[in-house]
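Below: the structure, in structure tokens.
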Amino acid sequence: MRVFLAAVAATLALAAPAQAVVGGKPVPQGRMPYVANVQIMGAFGCTGTLIAPQWVLTAGHCGSATGSLSQGLVPAPVAWPASTYLVVVGSVYSDGHGGESHGVRQVLVDSDYVVTNGTGNDVTLMKLDTPTRITPMRIAAVGERSSWKPGVLTTIAGFGKTSQDASGPPDQMQSARVPVTTDAYCAKAYPGGLSEAGDDGSFDPKTMVCAGYPQGGTDTCEGDSGGPLLAPVKRGFRLAGATSFGAGCAQAGKPGVYARLAEGPIREWLKTVVPEAFAPERAKAKKRARTRCTRSRARAHGKRSRVCHRPRRR
Ligand code: ARG
């Protein structure tokens, strides 16, 4: 985010390559309308995901007025005023054309986005001025946990840079697929303590999940923060993560780190604000007694009916 606030006027002579999120492909207009472009004080800042008709989820460090630890600043759940934000949904273009612009009524940074949690709990919720008719992306149900276990190819998307050295973001949203890593692998990649400054923080499995190839090459990058990590389910996708941080972008051995949205403390916090954003838990297929012997049914079947004399199973 900081990069863009500082570099609004920077020359774009060194145009970014025509693919971004590093190693991705441009998303055609009309696809992924729930991916939000989050502008802060008139400049592109972050990506986000529409999770309910009036709520967009983005990164904590995109909402916290005090900045993030990884920027050498102190994270705190104190948000910038809502009026400094503009959120565009329904457009894959960085200039927002064809999309829907929204002011923001309320900015809520995760109450645990505090210095004692390092770079963890990196989530902000933004309430839009008006509800949108665009279909939100639901956060994965607890029962869908296997859709983002290590090895699963998840989809990442955002308006961020196409390479760590690009001078600015591309003019079209990009997406790519990356496999979820194990927590052990990510802990080795980001072992730094809370005191570590620079672009990488330390991995906390309670509030973070990582994705990327061991050899790198495909990753989120600056500006993708807050954007979605999507887990494949039977019919479509669920939101499982939000882009948080990484060492550079797409480097070998340095997977992207995502806020772990669908379980643990972040899920609990999100539930207190936007319970409607969660995919329903699939009701367990109940073993129904094959026959219910109500009195009227018994009568209908005749007293001796076998169907009706089978014991009820509970
Ligand atoms: N912190 C960055 C942002 O504000 C996101 C960086 C993601 N980096 C990565 N290597 N996956 O946009």
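Taking the Cβ of each residue in 235, 105 as the centre, tally the other Cβ atoms inside 10 Å and list the residues starting with the fewest.
By the 10 Å Cβ count, ascending: 235, 105.
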If R0 = 25 Å, then residue 141 and residue 164, at their Cβ-Cβ distance, give a FRET efficiency to the nearest 0.05 of 0.10
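No lab work stands behind these numbers, since they all come straight from the coordinates. Since we're looking at a predicted model, the values are computed, not measured. As a convention, Cβ positions derive from the backbone with ideal geometry for all residues, glycine included, and neighbour counts pool all protein chains shown.
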